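Colleague: To start, I am sharing the structure in question, which I have written as structure tokens.
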Amino acid sequence: MATRTDKRNVARPTPVPAHVHDHEHDPLSLERECCVVPDLPSPAGSPLVALVGAPNSGKSTLFNGLTGLKSKTGNWPGTSVDVARGPWRSGGVTFDLIDLPGAYALDPLSPDEALTRDLLVTDGPGRPDVVVVLADAAHLARSLYLVTQVRELRLRCVVALSMLDVASVRGLTVDPDALGAALGCPVVSLDPRRRVGLGALADAVAQSLAGGVPAPRTTAEPDADELAREDERFAFIDAAVTAGTRDSGTSRANWSDRIDQVATHPVGGPLVFLAVMWAVFQATTTVAAPLQDALDSFFSGPVSDAAAAALAALGLGGSWVEGLLVNGLIAGVGMLLTFVPLMAMMFALLALLEDSGYMARAAVVTDRLMRAIGLPGKAFLPLVVGFGCNVPAVSATRILSNSRQRVLTALLVPFTSCSARLTVYMLVTTTFFGANAGTVVFALYVTSILFVIGVGLALRHTLWRTMGAEPLILDLPPYQRPTLAITAGVTWVRLKGFLKTASGIIVATVCAVWLLQSIPVGLGTFGQVPVGDSLYASLARLVAPIFAPAGFGAWELVSALVVGFVAKEAVLSSWAQTFAIADGDPGHLGGHLIDSFAAASGGHPLPAVAAFLVFVLAYTPCVATLAAQQREIGGRWTLFGLGLNLSVAWLAAVVVFNVGCLL
Amino acid sequence: MTLMQAPLNRTLVLVGSTLDATQARRLSALGLRAGAQLRLVQRLAGGARVVAVAGARVALGASLLDRLTVEAAA
């Protein structure tokens, strides 16, 4: 294991700024726990290898290629804010590989960068035996700044050089051996996206481990001030780049710039952004709809019939077992599974956008908007993550350097419409709006953005009115052709998460709902009670009047919202249970919804449906998001956010219903 | 002239800044330090610009551009 560096010869990284650690709950301590508990354990005694590099340098892609795990990847800065860890096996040797959050340098400006610095600089069980620095050959000079700082520590260092193809297009040729000689550490060229050169990297790491820890790079003036140290580092980098590269001067036209002429244009950029998002949701609903219908027919027809027949053969027909299995688990979980094609399509399209590099442009396009609510354009990145799932989005606020900005962004994340809410939108909009369902869903996503802006503005001019602005500094990665392997991998990881929810939370809530629906209030026996006379309906009736001003104060509708507090996927399963039990008919949920909304709204079903959808959009997404907020911004702000979401959702629903009735 | 006043698509040299140390260090890490050659390649909303430096593209806000001094490359 590496030992503490010799302070006489080594230029120390600058101290961590106070604002990086001024958090109520220090995220570093949490992340250190993550490091102690790996995603997949390595054999005891495996050498610890840390993977570091600039944001968006392809670290997570390399980590996945080396370990076979599925850490989150994307072609935009700030994709990795957590630490991933897993065994890296090569040639009979196993390394314990950790993927640290992206950092341009060991002078952190945000908590995720501070974590990377902390693990490399501080002595302790998490200090790596070898550091692999992933450097971008197309942006070599700036990639080497981190290398020079790592070389100033008493650590073994191996440079993994990627993006050689992009450098080649720009007329730049890199000689790894000459570069390695200039840097004083091995340099291995590779392509993480196509998994080329991974064996050579393992060999270089093994050779590095076989030798002792090399002497740190010494600076000419060990006691020089930070400015002089930086000058010395840049001179060192210039010398290394000169020694290790050849520029043919035949750089081809940059097609990334040409795309950006439109994609980041002051007027065209926002239009492109809206068109891209509309196309995603339109394609999702159009392509997935036939598959969804087929699955719906399958679960409500043959699967339910076969289960009922099997139970009848066992003498359990009409019993509580049939109620739980057919009307509960099959109806609830089956309803959720019908959304798998839709979710897969949306996850794949968003993964394509992320891998292409477009998301960083989306952050630039929305920068002005974000600035209006006191946040930098970079804050848009966690909000974009929120459109997939709010839980990682709350964690992704760590890319922001200012703690007040982090709290504000974490409070706004629940207003971004996550994919779980999409399941509710799809069922309700296809039932009530038919062929226009895709456009209504798109309108809901626009409404989601309006909620973020509106609530952000309100908070900016009240509780956050003293917060200073931070200028836009955002690295724009070159566009790249998405690869099938990465798109498929990201899609599968997210789909697996969706299915995990289905198998965990949904089964638990289905059982809880079934139990409440089986307990009679007044006359009746357990499991043999009409759902309207059950404890479930009685509890829902207590809450339902609150939603009467919004036009959906019926217990059948409101009960699903209460269950949906746990997770939005549970809204569908609870409806499926409620209506299946009510009429003994697992299918035709849409018909039941039409009747319920018409009755509850006094003959204004469409305004009531719109109000319901807006409420689903704006109220607390799930308990997992609350847990993530509690971890990131503390209990006090989490409670504030809970009240904020419920108040905004209720007020907006009431306004939508009443205005809708006037139209 | 400041980078805000500089024309698009001309090769420029960064000669100075009035940024605080933290922002200056962040820009340095992105290749934007005194002596670096750069080029403005795109106007963005709100006066921001995309800067081409060392083969990379970095979006910089208007308030930052005003505090960076450049001159035309020889």
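Colleague: If you take the residues in region A:461-472 that are more than 14 Å from every other protein chain (Cβ to nearest Cβ) and at pLDDT 75 or above, which one is farthest from A:ALA570 (Cα to Cα)?
Modeller: A:THR466
Colleague: Hey, among the residues in region B:12-26 that are of a type in the set (A, V, I, L, M) and modelled with pLDDT under 90, which one's surrounded by the fewest Cβ atoms within 10 Å (Cβ to Cβ)?
Modeller: B:ALA21
Colleague: Same structure again: Is it fair to say A:LEU375 is modelled with pLDDT of 85 or more and not in a helix (DSSP H, G or I)?
Modeller: So A:LEU375 fits the description; yes.
Colleague: Please go through region A:448-467 and pick out each residue that is of a type in the set (Ser, Thr, Tyr) and surrounded by 15 or more Cβ atoms within 10 Å (Cβ to Cβ).
Modeller: A:SER448
Colleague: Where in chain B are there strands (runs of 3 or more DSSP E), lying wholly inside it, with at least 1 residues that are within 11 Å of another protein chain (Cβ to nearest Cβ) and charged (D, E, K, R)?
Modeller: Counting at least 1 such residues, we get B:37-43, B:49-53, B:56-60.
Listed here are the residues, each with its yes/no results for (1) buried (at least 22 other Cβ atoms within 10 Å of the Cβ); (2) in contact with a helix residue (DSSP H, G or I) (Cβ under 9 Å, 6 or more places away or on another chain); (3) at the interface with chain B (Cβ under 10 Å from one of its Cβ atoms).
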| residue | (1), (2), (3) |
| --- | --- |
| A:LEU349 | no, yes, no |
| A:GLU354 | yes, yes, no |
| A:ARG361 | yes, yes, yes |
| A:THR366 | yes, yes, yes |
| A:LEU369 | no, yes, yes |
| A:LEU375 | yes, yes, no |
| A:LEU381 | yes, yes, no |
| A:GLY386 | yes, yes, no |
| A:ASN390 | yes, yes, no |
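Colleague: Which of the residues spanning region A:509-548 are among the polar types (S, T, N, Q), surrounded by fewer than 21 Cβ atoms within 10 Å (Cβ to Cβ) and either closer than 16 Å to A:VAL563 by Cα or touching a residue at least 40 places away in the same chain (Cβ under 8 Å) (or both)?
Modeller: Correct list: A:GLN528, A:SER538.
Colleague: Tell me, yes or no, whether region A:132-152 has at least one residue that is in contact with a helix residue (DSSP H, G or I) (Cβ under 9 Å, 6 or more places away or on another chain), within 14 Å of another protein chain (Cβ to nearest Cβ), of a type in the set (Lys, Arg) and surrounded by fewer than 24 Cβ atoms within 10 Å (Cβ to Cβ).
Modeller: The answer is no, given that none of the residues of region A:132-152 is in contact with a helix residue (DSSP H, G or I) (Cβ under 9 Å, 6 or more places away or on another chain), within 14 Å of another protein chain (Cβ to nearest Cβ), of a type in the set (Lys, Arg) and surrounded by fewer than 24 Cβ atoms within 10 Å (Cβ to Cβ).
Colleague: Could you pull out the residue among A:VAL150, A:VAL158 that is in contact with a Pro (Cβ under 8 Å, 6 or more places away or on another chain), closer than 27 Å to A:VAL93 by Cβ and in contact (Cβ under 8 Å) with a residue 12 or more places away in the chain?
Modeller: None of the other options fit; the residue is A:VAL158.
Colleague: Looking at (1) of a type in the set (Ser, Thr, Tyr); (2) surrounded by fewer than 16 Cβ atoms within 10 Å (Cβ to Cβ); (3) under 9 Å from the mean Cα position of the chain (by Cα), can you tell me which one B:THR69 breaks?
Modeller: Here B:THR69 clears every test but (2).
Colleague: Looking at A:GLY438, A:GLY434, A:GLY454, which is the one that is assigned to a helix (DSSP H, G or I), under 30 Å from A:GLN292 (Cα atoms) and without any contact (Cβ under 8 Å) to a residue 60 or more places away in the chain?
Modeller: A:GLY434
Colleague: Are any residues in region A:392-404 over 20 Å from A:THR620 (Cα atoms) and either small (Gly, Ala, Ser) or surrounded by fewer than 24 Cβ atoms within 10 Å (Cβ to Cβ) (or both), and if so, which ones?
Modeller: Matches in region A:392-404: A:SER401, A:ASN402, A:SER403, A:ARG404.
Colleague: Please find, within region A:392-424, the residue that is farthest from A:PHE347 (Cα to Cα) out of those that are within 14 Å of another protein chain (Cβ to nearest Cβ) and of a type outside the set (A, V, I, L, M, F, W, C).
Modeller: Among those residues, the one meeting the criterion is A:ASN402.
Colleague: Quick one: which strands (runs of 3 or more DSSP E) lie wholly within region A:134-227 and hold at least 1 residues that are basic (Lys, Arg)?
Modeller: Filter on region A:134-227 gives A:156-162.
Residue-by-condition table, conditions (1) within 14 Å of another protein chain (Cβ to nearest Cβ); (2) under 30 Å from A:HIS139 (Cβ atoms); (3) at pLDDT 85 or above; (4) assigned to a helix (DSSP H, G or I):
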{"position": "A:LEU474", "(1), (2), (3), (4)": "yes, yes, yes, no"}
{"position": "A:ILE486", "(1), (2), (3), (4)": "no, yes, no, yes"}
{"position": "A:VAL493", "(1), (2), (3), (4)": "no, yes, no, yes"}
{"position": "A:LEU499", "(1), (2), (3), (4)": "no, no, no, yes"}
{"position": "A:GLY504", "(1), (2), (3), (4)": "no, no, no, yes"}
{"position": "A:ALA508", "(1), (2), (3), (4)": "no, no, no, yes"}
{"position": "A:CYS511", "(1), (2), (3), (4)": "no, no, no, yes"}
{"position": "A:GLN517", "(1), (2), (3), (4)": "no, no, no, yes"}
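The values are calculated or read from the model by the stated rules, or taken from the named source; none is laboratory data. Treat the numbers as computed from the prediction; the structure is a model and nothing was measured. Every residue, glycine as well, gets a Cβ built from its backbone with ideal geometry; the counts of neighbours run over all protein chains shown.
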